[in-house]
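Asker: To start, I am sharing the structure in question, which I have written as structure tokens.
Just so it is clear, none of the values below were taken in a lab; they were calculated from the coordinates. Remember, it's a predicted structure, so these values are computed and weren't measured experimentally. In this analysis, Cβ positions are derived from the backbone assuming ideal geometry, glycine residues included, and neighbour counts consider all displayed protein chains.
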Amino acid sequence: MRVTSRRARAAAVAVGAVLALALTAVLFYTWGAGTPRALPTPRVPSPSPGRSAPTTAQIYTAVAPSVVTIEAAHAGAGDSGTGIVVNANGTIVTALHVVKGADALRVTFADGTVSAATVLATDPAIDIAALAPATLPSVVVPAVLGSSNRLAVGDSVIAIGNQLGLTRSTTSGVVSGLDRTAAGTDGSSLTGLIQFDAAVNPGSSGGPLLNGAGETVGIVVALANPTSAGTFIGVGFAVPIGAAVSGGRGNPAPQQ
């Protein structure tokens with residue numbers, strides 16, 4: 001019995017050694033052959049719990065009542081742009097170049113109310129003006145103001161404006177840069193701007209730039225174009241809403 005047991009143990013050890021050598025050979029061959037190993041699958045961050053972000057259509061529906069059309073009469077000519085109501089007094093913030101030097105100003109609210117308007121305050125350094133309409137609609141709908149400090153490159157944005165005479169046109173895109181510098185219509189240098197790629201064109205100036213929650217975070221003032229055409233090629237600029245409201249003394253201060 002003892003002899004048999006010793007032989008059995010010896011045989012088992014031999015078999016184990018052979019298996020170990022075989023496994024080592026297989027592993028050596030596999031790694032030496034350069035077989036690629038699978039990398040971890042990238043994970044897309046899960047959306048935060050709670051309500052889902054509003055759609056572009058929902059944001060447009062909520063903000064459109066705060067957007068106004070601005071017509072500026074000049075000697076023998078006219079200009080048009082966009083504005084946004086920023087408080088319960090009906091104060092409108094827009095781009096200064098839309099109203100600068102105008103002989104008369106007329107604003108049309110979303111409900112069709114038409115009113116004369118006067119310039120309440122200006123800040124040429126950031127191309128911003130605030131207007132005081134003579135007549136208000138029966139219901140004034142101020143925009144919800146956000147904070148541009150929370151914006152990051154890649155964040156979704158929406159622009160609403162009367163581009164090319166097409167009133168309350170809505171476009172969407174992303175923030176493509178922050179703290180940018182651009183040339184104003186008079187050749188001045190505008191700094192601290194939000195760069196975005198939502199389409200804007202002549203007539204969009206003064207309109208709101210909105211974040212993904214539908215809050216106004218900027219006022220459209222310029223676009224980049226290497227030609228004299230003055231049309232959109234993918235780069236627009238907006239003054240952060242905090243600076244715009246303070247410059248136009250529109251109050252209240254934006255939410256932080």
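Asker: What does the extension gain come out to for A183 and A152, with contour length at 0.36 nm per residue minus their alpha carbon separation?
Answerer: 8.9 nm
Asker: Under the 0.36 nm per residue contour assumption, what length would be gained going from the current alpha-carbon distance of D111 and A64 to full extension?
Answerer: Gain on stretching D111 to A64: 15.9 nm.
Asker: Quick check: the distance between the Cα centres of segment 127-156 and segment 53-96, to the nearest angstrom?
Answerer: The two parts, judged by their Cα centres, are 8 Å apart.
Asker: Right, here's the next one. Using 0.36 nm per residue of separation minus the Cα-Cα distance, give me the extension gain between V119 and S52 in nm, one decimal.
Answerer: That pair, V119 and S52, stretches by 20.2 nm at full extension.
Asker: Could you work out the percent of alpha carbon pairs in segment 127-256 separated by over 20 Å, rounded to a whole number?
Answerer: 41 percent
Asker: Using a 10 Å cut-off on Cβ atoms, rank the peptides 160-172, 200-212, 90-102 from the highest mean neighbour count down.
Answerer: By packing density, highest mean first, the sequence is 200-212, 90-102, 160-172.
Asker: Separate question: Rank-order 228-235, 53-60 by packing density, defined as the average count of other C-beta atoms within 10 Å over each peptide's residues, highest first.
Answerer: Ranked by mean Cβ neighbours within 10 Å, highest first: 53-60, 228-235.
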